[in-house]
Amino acid sequence: MTAGSGEDAWAQLSPPDRAWLAELAALAAPGGVALVGGAVRDALLGGTPLDLDVVVPEADVEALARATGLPFVFHPAFGNATLTLPDGRAVDLVRARREVYPVPGGNPVPLPGTLADDLRRRDFSLNALALRVSPAGTVRLVDVTGGLDDLRARVLRPLHAASFREDASRLVRGARLAARLKLRADRALLAQVPDALDMAERTPRLWAEVRLLLHEPRPGLAAAQLRAWGAGALLPGTGLLDALDRRRDAGAVIPVTAYTAALLHAAPDPAALAERLNLGEKPGALLTRARSDTFFPEGSPERELRVLLRPDTYTPLTGKDVLALGVLPGRAVGDALGHLSQLRRAGQVRSSEEERQALKAFLATKGPDETP
């Protein structure tokens, strides 16, 4: 879909959101407010945004938040407030500002600025669009970086030459956007990939973006974007993530932990990656189960991973299969399953049929009191 006009974008917002923004702009007189970022981008593409980020060009943010009558939390360091709408959604109110990075990779220092300054401090041109809402309720599109043309051309372009050196997490965020919105990288983006890789270890926010990437509709596609841009080293094992995407596309239920376990499997140092991403114990435990010989049912995350990690894997015989071969219920079933497990670990059986034949040979060595 071709990106539309400011009026088209405004019409894509839900009626309650339009009414609330108009009311907020009246409270923020004389400068009104501006809806910015992803909400404007997605509305211009014909979607109905749920997440709202609002820049306040002139009014006092804390006083404005209080005037809405909604619950809010004020963040003095950045002069921001997070409001809770009646439907439970969170809205960020941000005082218009510019930013400087005293240390590349570190947190920026906010300084007072205009709406144009606020848009120019952002990551990509198509995220630097705003819908300015006046106190009278009129709406106009503000584009100071050429973002609308880039959005129409489906081009992802950073706003300045030092963008990825200042904040390397923008590279991963860009891959997420490119995969989700089918964007192509501008040459200016590709030229900055080495800067992002150089700064990755000094940019904690980058790993937070990797965690968000794993929650994308198609994490493998986002990881493939990084690989195509020359940043595959950030996410080893993209082939496994691609395969999980295909399974998800086919209808399989693939949880985020399965994608994360696949990353750990491919990582040169799984423990370091788990710590860096603050993963907890669940992905590693899932990976251990997937690598084991324990039976897991069709469709389980363990089975989905096992098929990818061990392409020659097969469904081992279960207690039900052992009983069907005439073994009496009880200890004999456990002995038979234990014998098959030993054969699997030794690599002496490679299919369900080989297990069945091996079990028959095993049972033939038993006395008549162990089989019917």
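On full extension, the segment bounded by ARG310 and ARG202 gains 35.3 nm, given 0.36 nm per residue less the C-alpha separation. Under a Gaussian network description of the chain, with springs only between Cα atoms under 10 Å, the residue in ALA175, ALA224, ALA90 that fluctuates furthest is ALA90.
For LEU50, neighbours were defined as the other residues whose beta-carbon sits under 14 Å from its Cβ, and their charges (Lys and Arg +1, Asp and Glu -1) total -3. Residues whose amide H falls under 5 Å from that of ALA252, counting only those 5 or more places apart or on a different chain, are absent, with hydrogens built in the peptide plane. In the set (1) 24.1; (2) 21.2; (3) 20.6, which value of Kirkwood radius over Cα pairs in Å was calculated from the structure you see? Given (1) 24.1; (2) 21.2; (3) 20.6, the structure-derived one carries the label (1). At each listed q (0.14, 0.16, 0.24, 0.25 Å⁻¹), what is the log10 of I(q)/I(0) that the Debye formula gives for the stretch 325-364 modelled as equal alpha-carbon point scatterers? Log10 of I(q)/I(0), two decimals: -0.27, -0.35, -0.77, -0.82. Rounded to the nearest 10 degrees, the angle from helix 169-181 to the longest Cα principal axis of the chain is 80 degrees.
Normalising the Debye intensity of the stretch 256-372 to I(0), with uniform scatterers on Cα atoms only, and taking log10 at q = 0.14, 0.15 Å⁻¹ returns -0.66, -0.72. With the convex hull drawn over the C-alpha atoms of the stretch 6-153, the volume per residue is 108 Å³. The Cα center of the stretch 98-154 and the Cα center of the stretch 193-253 differ in position by 26 Å.
Throughout, read-outs are computed from the coordinates displayed, never taken from laboratory work. Computed from a predicted structure; not experimentally measured. Using ideal geometry, Cβ is built from the backbone for each residue, glycine included, and neighbour counts are taken over all protein chains shown.
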